[in-house]
Amino acid sequence: MYLSLSAFLVSLSVQPGDSILFPTDHVSRGIRQGGKISQEAFMENYDPSVLPKETYLLYEIKWSSSKKSWQNCCLNTLTEHAEIYFLEDVFRKQRADPSARCSITWYMSWSPCGDCCKAIRGFLKDQPNVNLVIYVARIYWHKEENNRQGLRSLVNIGVSIRVMDLPAYSYCWRTFVDDEDKDEDDYWPRHFAPWIMLYSLELQSILQNIPSCLEISSGDNQTPVFSLFVEDDQQKRALTSANP
């Protein structure tokens, strides 16, 4: 079965994983004082129909000893992926009592790569009182087996990985986007639904260790074209279990 979504295309001139140097100043890349993200940076980097080069990580930390959550955001630097920056810089500075239970939720513009998954596993092994939930807008180099295996390995140790759905986008808009930038009070990106479905189906393929069902190619003007391929009964059963 072949399903084309070319009618929902959005123009973009880059592909994920292209090498590029970024400024180290987070503020110049849409992160404001106080840990909020600009509306422009959020909409450009969390739109699942396009393939931006940077990885943003919106995070929420809840300690068992506190009634309030701590929310902030970060992104990749010249030398570190966003996940490594969080683990080695952000969390290390916040961790006061190693015995306290902690819940962490990430809202990521790209899913972790295989190497970052390995680092996350090591972090959670050293921090047994930490629970991690990861929401992703899109899946990073989804056909690379190292990345697919990395995501499976995280789920196997209890990490929850989900594709961001419409309520997750709405929550991030209310929680992390700078109020001064908002053009409207309620953010409801309904046109994201086709890509949410596609990435949700692909995540199911990854977690159930069956062949990829998602093809991303370049159309006119380097526009990304998303297509769904379901070739056998095993894929059909796996994808039926997905709930985008």
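The values are calculated or read from the model by the stated rules, or taken from the named source; none is laboratory data. Source: prediction; values computed, not measured. Just so you know, the surface numbers come from the protein's heavy atoms only, side chains and all, with ligands and any DNA or RNA stripped out. Shrake-Rupley method; radii C 1.70, N 1.55, O 1.52, S 1.80 Å.
General observations
- Within straight-line reach of LYS143, meaning a Cα separation under 30 Å, sit the following lysines at least 8 residues removed in sequence or on another chain: LYS53, LYS118, LYS125, LYS236.
- Other-chain or far-sequence residues with amide H under 5 Å of ILE37's (modelled H): ARG32, VAL177, ASP178
- Taking all Cα pairs closer than 8 Å and separated by 6 or more residues, the relative contact order of segment 122-209 comes to 34 percent.
- Counting heavy atoms of the protein chains alone, ASP89 has an accessible area of about 40 Å² for a 1.4 Å probe.
- Rounded if a/c under 1.5, otherwise prolate or oblate - segment 81-191, Cα gyration tensor axes: oblate
- Gyration tensor verdict on segment 23-104 (Cα atoms; rounded if a/c is under 1.5, prolate if a/b is larger than b/c, oblate otherwise): prolate
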